[in-house]
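The structure appears right after this line, and notes come after that.
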Amino acid sequence: MNFPISPIFEASFENIDFLIKRDDLLDKDFSGNKARKFAWFLKEPLFDIKRVVSYGSSQSNAMYSLSVLAKMRGWEFEYYTDHVSSYLKENPQGNYLFALQNGMKIYEKKVPILLPEDTLFIHEGGRQKEAAYGLKILANEIIKQTRGEIVDIFLPSGTGTTALFLQKYLPLNVYTTPCVADDEYLKKQFATLERDKNEYPTILNTKKRYHFGKVYSEFFKIWIKLKEQTGIEFDLLYDPKGWICILENQEVFKNRILYIHQGGLLGNVSLKKRYERKYG
Ligand SMILES: *Cc1c(COP(=O)(O)O)cnc(C)c1O
């Protein structure tokens, strides 16, 4: 599969004019930064592989994207998670539902220590060196599409894999904010992929600390405002913190911001319901 080049558009939010790279529009099924991170596993022959095994949350974007990858490659897909809530089991939706429809087998236990040799093992969230391949393609697209304009790249981080490799492959400043835990966690994640600290993205923070996966009224408010002012649906898990971070750190950016839309819209289905239940 050859990826189309995802478009870059101009947009404006709270009087900030910025560019946005729409990786959410990459493909109907295989999109966002997970498609970039898993692109290597799609193009490599990997003749000996019969299944892919991974672990993480039962609503994860990576889980869904791996189910698409496995389906495209004709591999089995086994996924390990701590717990699937009874609500989700009774009302399958979002990433969970569509991953099941793609043939995912999900287990509520730890990943077995010994896996058969014909297994491809993927770390939680797709944190692995092979992500470099697809993220280099993303970086090259950005270089071509910005045609020499110096921009400041911004994207919110989970494992930090996307931000790290973009910083490595771009002659531009990459800014990010940790969504899963704090700076120290994010730097540790960077260190698993890259030794040279000079290649790390710049980490920015919000005044308030947020816990990953929790719902906050200010997240829902900024997400709604973003949609109203830009016409774009952003992800509800990472992007609200990303935009709060941009608004609170505006003086840091010396150039027009290029925001990376990393997909994740399937995951919005269940999160949006949680927000609506809580905030109406
Ligand atoms: C996975 C994901 C992220 C985090 O990507 P990392 O490479 O783990 O930092 C951010 N946004 C969306 C929508 C994602 O699906």
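The relative contact order of the chain, computed from alpha carbon pairs under 8 Å that lie at least 6 residues apart in sequence, is 22 percent. The value given for segment 31-86 is a Kirkwood hydrodynamic radius of 11.9 Å, derived from the mean inverse Cα-Cα separation.
Remark on segment 80-172: hydrodynamic radius 16.5 angstrom, per the Kirkwood mean of 1/r across alpha carbon pairs.
Count Lys and Arg as plus one, Asp and Glu as minus one, and take only other residues whose Cβ is under 10 Å from that of LEU193; the net charge is then +2. Note that the chain presents 48 Å² accessible area per residue, ligands and nucleic acids not counted, probe 1.4 Å. Taking the convex hull of the alpha carbon positions in the chain and averaging its projected area over all directions gives 14.7 nm².
Full extension of the chain between GLU10 and LEU97 yields a length gain of 28.0 nm, computed as 0.36 nm times the residue separation minus the alpha carbon distance. Expressed as a whole percent, the accessible surface of segment 34-126 that belongs to carbon and sulfur atoms is 54, based on a 1.4 Å probe. May I ask which of LYS105/LYS225; LYS110/LYS207; LYS129/LYS214; LYS37/LYS188; LYS188/LYS221 have a Cα-Cα span longer than 27 Å here? Table pairs above 27 Å Cα-Cα are LYS105/LYS225; LYS110/LYS207; LYS129/LYS214; LYS188/LYS221. Before anything else, pin down the relative contact order of segment 144-237: Cα pairs under 8 Å, at least 6 apart, normalised by residue count, whole percent. Taking the mean separation of contacting Cα pairs over the length of segment 144-237, I get 24 percent. The convex hull around the C-alpha trace of segment 34-126, projected and averaged over every direction, spans 5.5 square nanometres.
Taking all protein chains together, ARG195, ARG277 sort by accessible area into ARG195, ARG277, largest first [probe 1.4 Å].
The values are calculated or read from the model by the stated rules, or taken from the named source; none is laboratory data. Only a predicted model underlies this, so the values are computations on that prediction, with no experimental measurement involved. Here Cβ is always computed from backbone atoms with ideal geometry, including for glycine, and neighbour counts include all displayed protein chains. SASA here: full protein model, heavy atoms, side chains in, ligands and nucleic acids out. Shrake-Rupley method; radii C 1.70, N 1.55, O 1.52, S 1.80 Å.
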